[in-house]
Amino acid sequence: MIRATYLVETPCPIADVAAMMAGEQSAGTFVRVEGETDELRARFGAVVVATEQVGQSEGPTLRSAWAERKGLTGPRGIYRVVIDYPPDNVGVNLPTLASVVAGNLYDLGEVTGLKLIDVAVTPDYRARYDLPAMGIPGTRASAGVQGRPMFGTIIKPNIGLSPAEIADLVARLCDAGTDFVKDDEIAGTHPHAPVQDRIRAVMDVVRRHRDRTGKLVMVAFNITDETDAMRRHADLLAAEGGSCAMVSLNWVGMAAVQTLRRHTPLAIHGHRNGYGGMGRHPLLGMGVRAYQALYRLAGIDHMHVHGMGGKFSDLDEDVTEAARHCLEPMGAGDDRVMPIFSSGQWAGTLPHTLAQVGSDDLMFLSGGGIMAHPGGPAAGLASLRQAHEAVVAGVPLADHARTHPELAQAIAKFGAAG
């Protein structure tokens, strides 16, 4: 069973609209056609499980030429609609699955608002798709971090540095005690810093650090590209002893992520940049649970969820929902993925994050919170670890800061900015 849940705005009877949605996305269309037998519809037809009115709007959220021709311009209901689709309609085909649960539904004339808010599958169906290569346990084991969140940062400046300059920065971050470093989403294979040159230069210093200390810092190189190029970059990264490849999910697509997953044992660090274009509107696009479910079926290991009180538009409850979904198993095995918190994060946002998520199985990335700390990156990382110590001890950050200067400096610098 593939169960999809929607928010739908329509001026029409919801029973008729829901039935139309189910038919449009399975064994039916707006009229019955030759060969569409009762037996075929029983096996391959989608089933409307539930409809429930959850609100009302005074007018259409989105224009519909069909509704305007019918003169349907007044108030309309907003409904929660649940539809089950037969797995045999999809098989194991992630792009087709996405087409089934979304597809033409956004274009139906009777609909003046539609958002896919959740996709759920049975454990048996989940087992047909790829699992994470590392997931949470493998990521922790690779980086040698247990019993606390993983702390890391982002290459800053995010673009413009040469491979040698990036390697020097990563070396300093390794010495400072970081668990994780990642490229920015706009880092690609630039003329001034081709990705293959960045991989070789950075992994040289990462291996040297490992040989000195025994700790392999996880570096997520942004290998976003066309599919064959991503496979080549992943092969080079693996040969250089790397452990993680970052991909901008929306711009390579589900099928390319799936192909990469089947090609490499590296952790796939899923960056969702661009998701706001499909997620921010309450009655258009795709909710975070549906979005994450589809990419989790592609086999990613990490998923960006933004951050609490950060620089982006997300409400704290949005970030919490995304993180908790990452930590919910979708199948019988451990297919959880590591939620990645970033965007304006520092020691002061960590306690609220941990309280909301209810787990320390997360990666907490601070750009300015580490790189712009008054005491430097090592002090920035120390302030994060000290904030976690305060949470574990049940001590307010301000009290803990009295005996921990790095945390005190972080509060003085970043706390004033809210």
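The values are calculated or read from the model by the stated rules, or taken from the named source; none is laboratory data. Not measured: the values here are computed from a predicted model. Neighbour counts are summed over all protein chains in view; Cβ atoms, including those assigned to glycine, are modelled from backbone coordinates with ideal geometry. Only protein heavy atoms, including side chains, enter the accessible area calculation; ligands, DNA and RNA are left aside. Shrake-Rupley method; radii C 1.70, N 1.55, O 1.52, S 1.80 Å.
Points to keep in mind about this one:
- Being within 23 Å of A27 (Cα to Cα), of a type in the set (D, E, K, R) and buried (at least 18 other Cβ atoms within 10 Å of the Cβ) is a property that K115 has.
- All positions within region 355-368 that are assigned to a helix (DSSP H, G or I) and either open to solvent by less than 20 Å² (accessible area, probe 1.4 Å) or among the aromatic types (F, W, Y) (or both): V357
- Checking each residue in region 252-296 for being open to solvent by 20 Å² or more (accessible area, probe 1.4 Å), within 20 Å of A323 (Cβ to Cβ), in contact with an Asp or Glu (Cβ under 9 Å, 6 or more places away or on another chain) and assigned to a helix (DSSP H, G or I) picks out G276, R289.
- Restricting the first member to region 309-337 and to residues that are under 26 Å from F414 (Cα atoms), and the second to residues that are among the hydroxyl-bearing types (S, T, Y) and part of a loop (DSSP other than H, G, I, E, B), the beta-carbon pairs closer than 8 Å and six or more apart or on different chains are G310/S342; G310/S343; K311/S343; F312/S343.
- Looking only at residues of region 147-164 that are open to solvent by 40 Å² or more (accessible area, probe 1.4 Å) and not polar (S, T, N, Q), we find that the one that is farthest from V219 (Cα to Cα) is G147.
- Some residue of region 343-354 being in a loop (DSSP other than H, G, I, E, B) and polar (S, T, N, Q): yes
- Region 310-342 - residue that is within 21 Å of I136 (Cα to Cα), assigned to a loop (DSSP other than H, G, I, E, B) and not hydrophobic (A, V, I, L, M, F, W, C) and, of those, modelled with the lowest pLDDT: G333
- Every test in (1) in contact (Cβ under 8 Å) with a residue 12 or more places away in the chain; (2) within 30 Å of S383 (Cβ to Cβ) is passed by Q146 save one, and that test is (1).
- Checking D183 against (1) within 17 Å of I223 (Cα to Cα); (2) free of Cβ contacts under 8 Å to residues at least 24 places away in the same chain; (3) of a type outside the set (F, W, Y), the condition it does not meet: (2)
- Qualifying residues in region 95-104 (those that are hydrophobic (A, V, I, L, M, F, W, C) and either in a helix (DSSP H, G or I) or open to solvent by 20 Å² or more (accessible area, probe 1.4 Å) (or both)) - the one nearest to Y6 (Cα to Cα): V101
- G299 being touching an Asp or Glu at 6+ places or on another chain (Cβ under 9 Å) and over 23 Å from F151 (Cβ atoms): yes
- Hey, M203 within 25 Å of the chain's Cα centre (by Cα), under 27 Å from D361 (Cβ atoms) and among the hydrophobic types (A, V, I, L, M, F, W, C) or not: no
- Subset tally (residues that are among the hydrophobic types (A, V, I, L, M, F, W, C) and in a helix (DSSP H, G or I)) for region 154-173: 7
- Across region 186-242, the number of residues qualifying as open to solvent by less than 10 Å² (accessible area, probe 1.4 Å) and of a type outside the set (A, V, I, L, M) comes to 3.
- Those residues of region 56-94 which are assigned to a helix (DSSP H, G or I), open to solvent by less than 40 Å² (accessible area, probe 1.4 Å), farther than 11 Å from T10 by Cβ and of a type in the set (A, V, I, L, M, F, W, C), in sequence order: L94
- Qualifying residue in region 370-389 (condition: surrounded by fewer than 20 Cβ atoms within 10 Å (Cβ to Cβ) and free of Cβ contacts under 8 Å to residues at least 24 places away in the same chain): yes
- Residue within region 122-129 that is buried (at least 19 other Cβ atoms within 10 Å of the Cβ) and over 25 Å from P377 (Cβ atoms) present: yes
- Residue pairs meeting the criteria (Cβ under 6 Å; at least 6 apart or on separate chains; first farther than 12 Å from A379 by Cβ and of a type outside the set (A, V, I, L, M, F, W, C), in region 406-418; second modelled with pLDDT of 95 or more and open to solvent by less than 70 Å² (accessible area, probe 1.4 Å)): G415/G348
- Just one of (1) in contact (Cβ under 8 Å) with a residue 60 or more places away in the chain; (2) in contact with a Ser or Thr (Cβ under 9 Å, 6 or more places away or on another chain); (3) hydroxyl-bearing (S, T, Y) fails for T264. It is (2).
- Residue in region 23-38 that is modelled with pLDDT of 95 or more, surrounded by fewer than 15 Cβ atoms within 10 Å (Cβ to Cβ) and not acidic (D, E) present: no
- Scanning region 119-153 for residues that are assigned to a loop (DSSP other than H, G, I, E, B), β-branched (V, I, T) and under 17 Å from G214 (Cα atoms) yields one hit, V145.
- Residue satisfying all of: in region 356-369; aliphatic (A, V, I, L, M) and touching a residue at least 60 places away in the same chain (Cβ under 8 Å); farthest from A410 (Cα to Cα) among these: L362
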